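Right, one structure below, let's go through it.
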Amino acid sequence: MATVAWIGLGNMGGPMTANMVAAGHTVNGFDLSADALAAGVASGVTATSSVAEAVQGADVVFTMLPKGDHVRSVYFGDAGILAHAAKETLLIDSSTIDIESAQAVHDAAAAAGFRFVDAPVSGGMSGAAAGTLTFMIGGESGAVKDASAFISPMSANIIPTGGATTGQAAKICNNLMLFINLASTSEGAVLADRLGLDKKVFWDIASVSSGDSWALRTWYPIAGVVPNAASNHDFAPTFTAELANKDINLAIAAARSTDTPLEIGEHVQQMFQRLIDGGQGGKDCTMIVSLVDGSLPGAAGNNDAETNAAAINGKGK
Ligand code: NAD
């Protein structure tokens with residue numbers, strides 16, 4: 001069994017480390033949030049008080065952090081991973097970050113004598129809890145192979161993507177499609193409701209028809225249909241609107257650098273921006289449905305608080 005250092009015990013890192021502990025590994029965790037650290041300890045993680053302490057004696061270091069800036073900040077500098085880990089330690093970043101940051105960490109890790117892979121994931125919090133995430137891994141083939149062995153308790157699919165940063169490239173394109181699917185699912189769900197269809201009957205049809213998607217099956221944005229969906233829990237975040245906006249902006253930046261028009265992606269990004277501007281950036285990204293049913297305070301079509309609450313809970317108008 002291995003000694004694992006884990007930096008970032010949030011919505012994804014929390015359940016992922018629980019599966020590493022369940023597989024028999026020792027997991028030394030660090031998070032800036034005391035609540036996240038306490039939740040990790042409750043599932044068997046050993047709390048540490050710094051990145052430097054977490055990486056001592058580790059066979060492998062995972063990072064699961066919000067954005068490229070966070071990843072750079074824990075890797076670089078006097079207090080960072082590269083300054084404190086042993087050179088034999090395998091370094092794995094599973095955050096979803098911009099390609100430039102991923103390349104910068106690849107370059108700095110190689111220059112310092114480390115093996116590093118970019119290994120972002122898909123499958124959401126439910127996949128993290130179930131140990132069924134898809135990992136897409138970019139880097140040197142020997143490091144990718146060794147990373148796959150550590151990743152196994154958390155995943156149903158481990159797919160090597162090629163050289164450095166190709167894992168992030170795959171993830172960015174996947175999430176562009178996810179968030180477009182989420183927006184289209186929100187429109188279809190609200191329209192079906194307003195046409196008088198029973199919400200469960202419509203979901204039963206769409207989930208075995210051509211309107212099907214992962215977003216529809218896992219994140220249905222109207223309450224009372226998919227039990228674990230955030231719509232049933234007042235949109236408590238499983239994947240915040242802020243992070244969704246970050247991901248779709250990563251796709252837009254990559255598209256601009258490759259002269260690729262993303263007409264629908266750019267529109268969906270503007271929807272997330274409206275959600276954030278409406279004060280809901282910390283809520284679940286599936287709250288994008290509030291722009292369709294008019295329940296976002298200040299959104300077109302509805303400003304009445306009682307109707308807003310009913311609409312957002314899928315009770316229709
Ligand atoms: P989160 O915000 O819930 O968790 C991130 C954690 O990192 C927080 O607990 C935060 O306190 C901690 N953190 C931030 N800076 C830190 C630092 N310098 N040192 C230590 N800890 C620090 O985010 P999440 O939903 O777990 O997502 C993490 C990454 O995974 C993101 O890149 C996201 O895009 C990606 N992702 C998320 C999902 C999802 O469904 N939530 C799915 C796939 C991929």
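The values are calculated or read from the model by the stated rules, or taken from the named source; none is laboratory data. All figures in this text were calculated on a predicted structure; none of them were measured in a lab. Here Cβ is always computed from backbone atoms with ideal geometry, including for glycine, and neighbour counts include all displayed protein chains. Please note that ligands, DNA and RNA were not included when accessible areas were found on the heavy atoms of the full protein model with its side chains. Shrake-Rupley method; radii C 1.70, N 1.55, O 1.52, S 1.80 Å.
Points worth noting:
- With every protein chain in place, the stretch 187-301: carbon and sulfur % of accessible area (1.4 Å): 56
- Label-point gap, in nm, between Asp234 and Leu32 - each point 7 angstrom along Cα→Cβ: 2.6
- Residues whose amide H falls under 5 Å from that of Ile158, counting only those 5 or more places apart or on a different chain, are Phe135, with hydrogens built in the peptide plane.
- Extension gain for Leu197 to Asp78 (0.36 nm times residue separation, less C-alpha to C-alpha distance): 36.9 nm.
- Per residue, the accessible area of the stretch 3-164 comes to 38 Å², computed with a 1.4 Å probe over protein heavy atoms only.
- Cross-link partners of Lys87 among aspartates and glutamates (Cα-Cα below 19 Å; sequence separation of 8 or more within a chain): Glu53, Asp59, Asp78, Asp107, Asp118, Glu140, Asp146
- The mean sequence distance of close C-alpha pairs (under 8 Å, at least 6 residues apart), as a share of the length of the stretch 3-164, puts its relative contact order at 19 percent.
- Among Pro261, Trp6, Tyr220 the positive-end extreme of the charge dipole of the chain (Cβ point charges): Tyr220
- A 1.4 Å probe, protein heavy atoms only, puts the accessible area of Met287 near 10 Å².
- Average 1/r across all pairs of distinct alpha carbons in the chain, invert it, and you get the Kirkwood radius: 20.3 Å.
- A protection proxy built from the mean count of other Cβ atoms within 10 Å ranks the segments 93-103, 195-205, 245-255, most packed first, as 93-103, 245-255, 195-205.
- Most simply put, the chain has about 15% antiparallel DSSP beta bridges, counting only bridges with both residues inside it.
- Contour excess over end-to-end distance, with Cα ends at Val41 and Ala23 and 0.36 nm allotted per residue: 4.9 nm
- Residues in the stretch 1-15 reached by a label modelled at Ser152 [backbone nitrogen below 17 Å; 7 Å Cα→Cβ]: 1-4
- Contact order for the stretch 170-312, expressed relative to its length and based on alpha carbon pairs under 8 Å spaced 6+ residues apart, stands at 25 percent.
- Compactness of the stretch 170-312, expressed as Rg and Dmax over alpha-carbon positions, Å: 14.8, 46
- For the stretch 49-134, the spread of Cα coordinates along the three principal axes comes to 35, 28, 22 Å, biggest extent given first.
- Rolling a 1.4 Å probe over the protein chains gives Arg115 an accessible area of about 90 Å².
- Rounded to the nearest 10 degrees, the angle from helix 13-22 to the longest Cα principal axis of the chain is 60 degrees.
- Per-peptide average of other Cβ atoms within 10 Å, ordering 56-63, 35-42 highest first: 56-63, 35-42
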